[in-house]
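Undergrad: Let me give you the structure first, and then I'll get to my questions.
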Amino acid sequence: MDLTTSTSSPTTAAPEPITGSCLCGGIQYEVTGEPMKRVMCHCENCRKFTGSSFMANSFMKESQLTIKSGESLIQSFKDTKVDSGNTLERRFCRVCGSPVYVTSSRAEGFVVVPSGTMDGEAGRKWRPEVEFWCKERREYLPVVEGTQALEMD
Ligand SMILES: [Zn+2]
Ligand SMILES: [Zn+2]
């Protein structure tokens, strides 16, 4: 998986930064600009990490993400059971367990922010451009119209 190439994401730069937080509110973050890619991931690791049927991921540059408060609450889990052979660092709030962001050993300088923790309009309007690991899609979930399907093998 190459997270570093950005395709045709429209350059409608969001004027307001997107804000987000974990469930307990201890961690607050801000995201500026458009993500490079919005990805709905059906892989088992993302499902386990979120406890949900998929993970709704915004791929962006590390510089687009600012942790405004609660940095000390962020706990990291090294996810080495990744099929592509790289290590993911999955960061979450150690108080409430919310996923905060993920980095990959193969994509230095980039982060994945789960859109479920984003607030307001930006969170509501989030929609995926790509679906990963479609083979592992939970059976009840339909294909999201207009997305590109990518397998990871
Ligand atoms: Zn929290
Ligand atoms: Zn995944």
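The values are calculated or read from the model by the stated rules, or taken from the named source; none is laboratory data. Bear in mind the structure is a predicted one, so any value in this text is a computation, not a measurement. Here the Cβ is made from the backbone with ideal geometry for all residues, glycine too, and neighbour counts use every protein chain on show.
Undergrad: For residues in the stretch 28-43 being under 21 Å from Cys93 (Cα atoms) and either of a type outside the set (Phe, Trp, Tyr) or within 9 Å of ligand 2 (Cβ to nearest atom) (or both), which is surrounded by the most Cβ atoms within 10 Å (Cβ to Cβ)? Give the derivation first.
TA: Keep residues of the stretch 28-43 that are under 21 Å from Cys93 (Cα atoms), which gives 28-31, 41.
Checking the rest, the ones that are also either of a type outside the set (Phe, Trp, Tyr) or within 9 Å of ligand 2 (Cβ to nearest atom) (or both) come to 28, 30-31, 41.
Working: Gln28: 15, Glu30: 14, Val31: 22, Cys41: 27.
It comes out as Cys41.
Undergrad: Right, something else. What residue, among those in the stretch 44-60 that are surrounded by fewer than 19 Cβ atoms within 10 Å (Cβ to Cβ) and assigned to a loop (DSSP other than H, G, I, E, B), is nearest to ligand 1 (Cβ to nearest atom)?
TA: This residue is Gly51.
Undergrad: Give the residue, chosen from Cys93, Cys134, that is more than 14 Å from the chain's Cα centre (by Cα), within 14 Å of ligand 2 (Cβ to nearest atom) and not basic (Lys, Arg). Working first, answer last.
TA: Details: Cys93 fails: within 14 Å of ligand 2 (Cβ to nearest atom).
Exactly one of Cys93, Cys134 is more than 14 Å from the chain's Cα centre (by Cα), within 14 Å of ligand 2 (Cβ to nearest atom) and not basic (Lys, Arg), namely Cys134.
Undergrad: So which of Gln64, Gln75 is without any contact (Cβ under 8 Å) to a residue 60 or more places away in the chain and within 12 Å of ligand 1 (Cβ to nearest atom)? Can you show your working first?
TA: Details: Gln64 fails: within 12 Å of ligand 1 (Cβ to nearest atom).
Exactly one of Gln64, Gln75 is without any contact (Cβ under 8 Å) to a residue 60 or more places away in the chain and within 12 Å of ligand 1 (Cβ to nearest atom), namely Gln75.
Undergrad: I would also like to ask the following. Given (1) surrounded by 15 or more Cβ atoms within 10 Å (Cβ to Cβ); (2) within 16 Å of ligand 1 (Cβ to nearest atom), where does Ser69 come up short, assuming only one miss?
TA: (1)
Undergrad: Taking the conditions exactly as written (at pLDDT below 95 and in contact with a helix residue (DSSP H, G or I) (Cβ under 7 Å, 6 or more places away or on another chain)), does Gly33 satisfy them or not? It would help to see each step written out before you state the result.
TA: Working: at pLDDT below 95: yes; in contact with a helix residue (DSSP H, G or I) (Cβ under 7 Å, 6 or more places away or on another chain): yes.
Answer is yes for this residue.
Undergrad: Report the residue count in the stretch 23-79 for those that are closer than 15 Å to Val112 by Cβ and β-branched (Val, Ile, Thr).
TA: The total comes to 5.
Undergrad: If you don't mind, another one. Does Glu151 count as within 16 Å of ligand 2 (Cβ to nearest atom), touching a Lys or Arg at 6+ places or on another chain (Cβ under 7 Å), over 25 Å from Ser21 (Cα atoms) and not polar (S, T, N, Q)? Show your work before the answer.
TA: Numbers: within 16 Å of ligand 2 (Cβ to nearest atom): yes; touching a Lys or Arg at 6+ places or on another chain (Cβ under 7 Å): yes; over 25 Å from Ser21 (Cα atoms): yes; not polar (S, T, N, Q): yes.
Taking the combined requirement at face value, the residue satisfies it.
Undergrad: Could you figure out which of (1) more than 11 Å from the chain's Cα centre (by Cα); (2) away from ligand 1 (no atom under 16 Å from the Cβ) isn't true of Val112?
TA: Single failed check for Val112: (1).
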